[in-house]
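To start, the structure under review is shown below, and the notes come after it.
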Amino acid sequence: MRKGRKPTPSTLAPDTLDLLERVLDARLPPAYRDWLATRNGQLPEKRLITFVENGKETDTRLHYLYAVNSEHDYDDLWHFNSNYGGDFRPRYLSIGGDTFGNAILLAVKGPNHRQVFFSDHEVPFDVGLHFIAPGFEAFIDGLTEG
């Protein structure tokens, strides 16, 4: 923890989420906003993500979901997106990552709004973007044990 930084809050007040949306200049999908409000940064029990890459089913393990106002920079939503999310913003928000440093993205603007994607950091963004789920709730519901 950085000196003087408070522990990560487990829940977020509506005014904190409103401020986040103003800073992002985007409306968070309701299911994701609810997750932050009630489980800020907490991982679900099931963590195996399945998606299609190059025509075949593949999977990866969810390593973290970012928290708002995290006590650590490495899992802070705003810190990650403001420092490393240049390829994603303003249409996508990185909401977490896998064990290999690949991003889990939530579309917050544009034609894919509310959809969740896997972004392979080893290839160009437009090539490494793979659909996971039509929304955050479906993303969480689609996670399996593994």
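The values are calculated or read from the model by the stated rules, or taken from the named source; none is laboratory data. What you see is a predicted model; the values in this text were computed from it and never measured. Every residue, glycine as well, gets a Cβ built from its backbone with ideal geometry; the counts of neighbours run over all protein chains shown. SASA here: full protein model, heavy atoms, side chains in, ligands and nucleic acids out. Shrake-Rupley method; radii C 1.70, N 1.55, O 1.52, S 1.80 Å.
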Rank Ala107, Ala67, Ala31 by mean-square fluctuation in a GNM of the chain with C-alpha springs under 10 angstrom and give only the top-ranked residue. Ala31
Which of Asp34, Asp126, Asp75 ends up with the largest GNM mean-square fluctuation for the chain, with Cα atoms connected below 10 Å? Asp126
For the chain, give the magnitude of the charge dipole about the Cα centre (Cβ charges: +1 Lys/Arg, -1 Asp/Glu; no others), in debye to the nearest 20. 420 debye
Percent relative contact order of the chain, based on C-alpha pairs within less than 8 angstrom and at least six residues apart? 22 percent
Within-14-Å neighbourhood charge of Pro14 [Cβ basis; K, R +1; D, E -1]: -1
Heavy atoms of Thr38: accessible area, 1.4 Å probe, square angstrom to 10: 90 Å²
Can you compute the radius of gyration and Dmax for the chain, using only the Cα atoms, both in Å? 14.5, 48
Quick one: net charge of Arg89's neighbours, Cβ under 13 Å, K/R +1, D/E -1? 0
For n ≥ 4 DSSP H runs only, could you compute -39500 (n - 2.57) per run for the chain, divide by its residues and tell me the 222 nm figure to the nearest 500? -7500 deg cm²/dmol
Given the protein chains as shown and a 1.4 Å probe, how many square angstrom of Lys109 are accessible, to the nearest 10? 60 Å²
Given the options Arg61, Arg89, Arg22, state which has the largest fluctuation in a GNM of the chain using a 10 Å cut-off (strictly under) for Cα springs. Arg22
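Give me the number: length gained by fully extending Val23 to Arg89, i.e. 0.36 nm times residue separation minus the C-alpha to C-alpha distance, one decimal in nm.
Here the segment from Val23 to Arg89 would lengthen by 22.5 nm.
Give the shape of segment 39-84 as rounded, prolate or oblate, defined through the alpha-carbon gyration tensor: a ≥ b ≥ c are the square roots of its eigenvalues, a/c under 1.5 means rounded, and otherwise the shape is prolate if a/b is larger than b/c and oblate if not. Write down the numbers at each step before the final one.
On the way: a/c = 3.95, a/b = 1.81, b/c = 2.18.
In terms of gyration-tensor shape, oblate.
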Please arrange Leu43, Leu106 by accessible surface area, largest first, computed with a 1.4 Å probe and ligands excluded. Leu43, Leu106
Accessible area in the full protein assembly, largest first, 1.4 Å probe, for Phe117, Phe100, Phe125: Phe100, Phe125, Phe117
